[in-house]
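Here is the structure we will look at.
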Amino acid sequence: MNKKGIVLLGATGSIGENSLRVIRANSDRLKLVGIASGSRAEPLAAIAREFGVRHVALFDEKSCTDAQNCGLFGTEVNLSSGIDGLNRLATLPEADVAVVAVVGTMGLHPTLAAIEAGKEIALASKEVLVLAGKFVMAAARAKGVRVLPVDSEHNAVFQCLNGAPEHEVARIILTASGGPFLNLSWEKMAAITPEQALQHPNWSMGAKITVDSSTMANKGLELIEARWLFGMEPGQIKVVVHPQSIVHSMVEYVDGSILAQLSPPSMTFAIQHVLLFPERKPGVEPTLTFEDTMNLEFRPPDLTRFPCLRLARESMEAAGVAPAVFNAANEVAVEAFLGKRISYPGISDLIDQTLQNIENLEPANLEEVLDIDRSARRVTNDLIKKHEF
Ligand code: NDP
Ligand code: MG
């Protein structure tokens, strides 16, 4: 059997690490052919050595030059940098699948390049669809390329849909752990520090998504991601809080039956499903045994204490460039919060004010969306400079 060639963008991150576990365990089916990261050359070099990878990209030019000067990757490796480096990796002739798992919207151009080159996309970077879902999905349709969801909720929905016709599906129900502040009062939220926001009860993930999970902006981004991945109307996507993170999401059919996907909270299940799709093989982690009592709880989200989720839903319903503005403002605000320049409630305040400052319109093309993305980031940064958040 031919091995699937995998390019892994964001190889040194949390999704990257879990992807490597899956690839390692399935070396009879999968072959890592290219890897990329932002600036951390040493862990990238270690991955290149272990998997014998010949094509590597380091986005940061200085890190790339330094790595070249000290011969970190050896002479066998073809090393490149910048967005061209990422695009080159995403379109490698020996790659069948591009795993896009770089932080934020950095993955947009490589995703489009990979689609253009006819590669299957294993998408973790939800921000790519929140920013430009309309254009990314149109490009994938035009090329006949599949965009397979790595995000655990969307992967669960994809599994529960199992190719069902659209008219049989009533809605999808995304589960949310609720994060570390699920039961904290709004008053106490004002004092939350980055250290506290970086402690997720169930999942071990990168810094940005961990903060997003704590504010539930992550679930908001996932609403919009689901809209594009599954072609749903906003009213067909529901969020339910499920603190145990065992049911990863559900699909309700028109006859009232609801199908759910369950597994322990580890990303290896979704990653393996996507990388081996449509084949199934034993996974790399223990499964649910049902040997002990297990309570599964479900409750509606509190949109007053989690305004980011409300703002994301409103942006999704407003459509146009509102989701892109939401995403840009959130990215800038989270960075400012992690840098201790704004308070925790400042994150949602900044998103709210940025949305109010930018006129919504239906973007005619990708360039218009990217312009709005830049303007929104400028507006959020200006708000941070001028006011106290
Ligand atoms: P991490 O912060 O752990 O890793 C980010 C990765 O992106 C690192 O490899 C980093 O490289 C790389 N990177 C950063 N900037 C650039 C750049 N400019 N060019 C190329 N690579 C870059 O993030 P996660 O793995 O947690 O998340 C990655 C994506 O997956 C996010 O979009 C997130 O929303 C999504 N996701 C993550 C989940 C999770 O469980 N972690 C679950 C569902 C979705 P370096 O090490 O050099 O900085
Ligand atoms: Mg998720």
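Read-outs throughout are calculated quantities, based only on the coordinates presented, and are distinct from any laboratory measurement. Keep in mind the model is a prediction, meaning the values are calculated, not measured. Using ideal geometry, Cβ is built from the backbone for each residue, glycine included, and neighbour counts are taken over all protein chains shown.
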With the 8 Å Cα cutoff and a minimum separation of six or more residues, the chain has a relative contact order in percent of 15
Projecting the Cα atoms of G339, L32, A191 onto the charge dipole of the chain, where Lys and Arg contribute +1 and Asp and Glu -1 at Cβ, the residue farthest towards the positive end is L32
For the stretch 245-337 the translational diffusion coefficient, Stokes-Einstein from a Kirkwood Rh over Cα pairs at 25 °C and viscosity 0.890 mPa s, in µm²/s, is roughly 143
Per GNM of the chain with C-alpha springs under 10 angstrom, the most fluctuating residue out of A329, A156, A142 is A142
Listed residues S37, S375, S152; largest mean-square fluctuation, Gaussian network over the chain with Cα springs below 10 Å, found at S375
One would report the antiparallel percent of DSSP beta bridges in the chain, rounded to the nearest 5, as 25
Net charge (Lys, Arg +1; Asp, Glu -1) of residues whose beta-carbon lies under 12 Å from that of R310, R310 excluded, is -1
In whole Hz, the Karplus estimates of ³J(HN,Hα) for the stretch 215-220 (6.51, -1.76, 1.60; θ = phi - 60°; x where Gly or Pro) are 8, 6, 4, 4, 5, x
Connecting every pair of Cα atoms under 10 Å apart in the chain and solving the GNM, the largest mean-square fluctuation among R299, R88, R227 falls on R299
Given unit charges at Cβ for Lys, Arg (+) and Asp, Glu (-), the dipole magnitude of the chain about its Cα centre in debye, nearest 20, is 560
The stretch 4-125: relative contact order from alpha carbon pairs under 8 Å, six or more residues apart, as a whole percent, is 28
Applied in sequence order to the stretch 4-21, the curve 6.51 cos²θ - 1.76 cosθ + 1.60 (Karplus, θ = phi - 60°) yields integer Hz couplings, x standing for Gly and Pro, of 6, x, 10, 9, 10, 8, x, 5, 8, x, 5, 5, x, 4, 5, 5, 5, 4
If every Lys and Arg gets +1 and every Asp and Glu gets -1 at its Cβ, then about the Cα centre the stretch 4-125 yields a dipole, in debye to the nearest 20, of 260
Using alpha carbon centers only, the stretch 205-232 is separated from the stretch 305-377 by a whole-angstrom value of 13
Checked against the positive end of the charge dipole of the chain (+1 on Cβ of Lys and Arg, -1 on Cβ of Asp and Glu, about the Cα centre), the farthest of P307, V284, M1 is M1
Per DSSP loop assignment and a cutoff of at most 14 other beta carbons within 10 Å, the chain keeps its longest run without exposed GluC sites (Glu not before Pro) at 95-278
Sequence order, the stretch 26-34: Karplus ³J(HN,Hα) from phi using 6.51 cos²θ - 1.76 cosθ + 1.60, θ = phi - 60°, Hz rounded, Gly and Pro as x, gives 10, 5, 6, 10, 10, 10, 6, 10, x
The percentage of Cα-Cα pairs in the stretch 4-125 separated by more than 24 Å is 15
Convex hull around the C-alpha positions of the chain: the volume in Å³ per residue is 146
With R₀ set to 25 angstrom, the calculated FRET efficiency between the beta-carbons of K386 and Q196, to the nearest 0.05, is 0.40
With +1 at each Lys and Arg Cβ and -1 at each Asp and Glu Cβ, the charge dipole magnitude of the stretch 105-213 around its Cα centre, to the nearest 20 debye, comes out at 260
Counting only residues 5 or more apart in sequence or on a different chain, those whose built amide H sits under 5 Å from that of M205 are none
Taking Cα pairs closer than 8 Å and at least 6 residues apart, the relative contact order of the stretch 155-386 in percent is 24
Hull surface over four for the Cα convex hull of the stretch 155-386, reported in nm², is 14.4
Non-local residues with an amide H under 5 Å from the amide H of V239, with H modelled 1.01 Å from N and Pro and chain starts lacking one, are L174
FRET efficiency for K143 and M1 from the Cβ-Cβ distance with R0 = 25 Å, rounded to 0.05, comes out at 0.50
The alpha-carbon center of the stretch 1-40 and that of the stretch 58-100 are separated, in whole Å, by 14
For the chain, whose charge dipole is built from +1 on Lys and Arg Cβ atoms and -1 on Asp and Glu Cβ atoms, the candidate among V147, P43, F158 with its Cα farthest towards the positive end is P43
